[in-house]
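Colleague: Following this message is one structure expressed as structure tokens.
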Amino acid sequence: REGPTDKLDPIANAANAYASACVVMRRLYEQLGKGQLALPHRVKRVAQRLVDLSAGEMPAFLGVTDAKRGGHDEAQRAVNASILTLAMARQITTDPVLLSRLAMAALLSDVGRFHVAGAFPGAGRMVPQLGGEQESRVPASAAMLLTAMGRVNEPSVMRTVMAYEACWVGQRSPPGLLYDGARTSTLQSHLIAVARAYVEAVSALLGSPSR
């Protein structure tokens, strides 16, 4: 339950935000699985809360990602990736607008994979592994879904580009050059891709099925 957190110590505050974020992402995946493409405002509130927490005590902020039971939970993976992305981004910028867009892009980057797989997490559903040809469709699928969810405006376009590039950079075997070589990927997309790769590696160590 969301509510006042000013009386909580940093560890309890981070844990509270983490739990809320995981619940919100689970509900979003269930909604997308039903074909409802609206982006709930609560997802934006989660991203902003993570940004606010990233400005505080970093050990408490990063500590919640060590939840060993999260290896099989797609929502926790998304939240972990967003937290780790923010922790890295905080080393190079304090711009709250950029950080908020990064947090959102990291939270939403997996929706393309779920769409290509034909299964969103929820109600006990397992997301199947993707083959090489399917994996190559993930970046475009992510861009399509995020555009449909956020419409065409500057914040939506920026996080869509970040997520698209992060999915491209994160492919095991990219089918070619990003944008056919016309331009390079942004630093923001690499931060998201590194965070996602780390979360996936940790999940594999915990026995989660490989993507």
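The values are calculated or read from the model by the stated rules, or taken from the named source; none is laboratory data. What you see is a predicted model; the values in this text were computed from it and never measured. In this analysis, Cβ positions are derived from the backbone assuming ideal geometry, glycine residues included, and neighbour counts consider all displayed protein chains. SASA here: full protein model, heavy atoms, side chains in, ligands and nucleic acids out. Shrake-Rupley method; radii C 1.70, N 1.55, O 1.52, S 1.80 Å.
Colleague: Consider the candidate values (i) 16.1, 52; (ii) 18.3, 59; (iii) 22.1, 77; state which one is Rg and Dmax of the Cα atoms in Å computed from the structure displayed.
Modeller: This structure yields the entry labelled (i).
Colleague: For segment 136-211, rounded, prolate or oblate, judged on the Cα gyration tensor with a ≥ b ≥ c (square roots of eigenvalues), a/c < 1.5 rounded, else prolate if a/b > b/c? Don't skip to the answer; put the middle values down first.
Modeller: Numbers: a/c = 1.94, a/b = 1.49, b/c = 1.31.
Prolate, since a/c reaches 1.5 and a/b exceeds b/c.
Colleague: How much length is gained if the chain between Arg151 and Asp9 is pulled fully straight, taking 0.36 nm per residue apart and subtracting their Cα-Cα distance, in nm to one decimal? Could you put the intermediate results ahead of the total?
Modeller: On the way: separation 142, 0.36 × 142 = 51.12 nm, distance 3.78 nm.
Roughly 47.3 nm would be gained on extension.
Colleague: Any chance you could give the angle, 0 to 90 degrees and rounded to 10, that helix 74-89 forms with the longest Cα principal axis of the chain?
Modeller: That helix lies at roughly 80 degrees to the long axis.
Colleague: With each pseudo-label sitting 7 Å past Cα toward Cβ, what's the Ala182-Gln36 distance in nm, one decimal?
Modeller: 3.7
Colleague: Can you work out the accessible area per residue across the chain, with the rest of the protein chains kept in place, probe 1.4 Å, in square angstrom? Don't skip to the end; give the middle numbers.
Modeller: Values: 10440 Å² over 211 residues.
In whole numbers, the chain has 49 Å² accessible per residue.
Colleague: Compute the Cα gyration tensor for segment 41-158, then decide on rounded, prolate or oblate, letting a ≥ b ≥ c be the square roots of its eigenvalues: rounded whenever a/c is under 1.5, prolate when a/b is larger than b/c in the other cases, and oblate in all that remain.
Modeller: Values: a/c = 2.10, a/b = 1.31, b/c = 1.60.
Because a/c hits 1.5 or more and a/b fails to exceed b/c, segment 41-158 counts as oblate.
Colleague: A further question on this structure: Helix 41-54 versus the longest principal axis of the chain: what is the Cα-based angle in degrees, 0 to 90, to the nearest 10?
Modeller: 60
Colleague: Now for a different question. Highest first, please rank the peptides 83-92, 147-156 by the mean number of other Cβ atoms sitting within 10 Å of their residues. Provide the component values of the computation, followed by the final result.
Modeller: Working: 83-92: 19.3, 147-156: 13.6.
The densest-packed peptide leads the list: 83-92, 147-156.
Colleague: Separate question: Taking 7 Å along the Cα-to-C-beta vector as the label spot, tell me the Ala201-Thr93 distance in nanometres, rounded to one decimal.
Modeller: Once both label points are built, they end up 2.5 nm from each other.
Colleague: If each of Leu62 and Met126 carries a label point 7 Å out from its Cα toward its Cβ, how far apart are those two points in nm?
Modeller: 3.3
Colleague: Considering only protein heavy atoms and a probe of 1.4 Å, how much of the accessible area of the chain is carbon and sulfur, as a whole percent? Each step should come with its number before you reach the end.
Modeller: Numbers: 5900 of 10440 Å².
On the chain, the fraction of accessible area on carbon and sulfur atoms equals 57 percent.
Colleague: How tilted is helix 96-108 with respect to the longest principal axis of the chain? Cα atoms for both, answer in degrees (0 to 90, nearest 10).
Modeller: Rounded to the nearest ten degrees, it is 60.
Colleague: Follow-up. Kindly provide the helix-only [θ] at 222 nm of the chain, computed as the sum of -39,500 (n - 2.57) over DSSP H runs of four or more divided by all residues, to the nearest 500 deg cm²/dmol?
Modeller: On the way: 10 runs with 132 residues, N = 211.
Value at 222 nm, helices only: -20000 deg cm²/dmol.
Colleague: Here is a further query. Take the alpha-carbon centre of segment 168-199, take the same for segment 135-150, and report the distance between them in whole Å.
Modeller: 14
Colleague: Taking 8 Å as the Cα distance limit and 6 or more residues as the minimum spacing, I'd like the relative contact order of the chain as a percentage.
Modeller: Details: 269 pairs, mean separation 46.5, N = 211.
Computed value for the chain: 22 percent relative contact order.
Colleague: Also, quick follow-up: Taking the highest mean first, how do the peptides 96-105, 171-180, 47-56 order by number of other beta carbon atoms within 10 angstrom per residue?
Modeller: Details: 96-105: 21.9, 171-180: 10.8, 47-56: 19.4.
Descending mean neighbour count gives 96-105, 47-56, 171-180.
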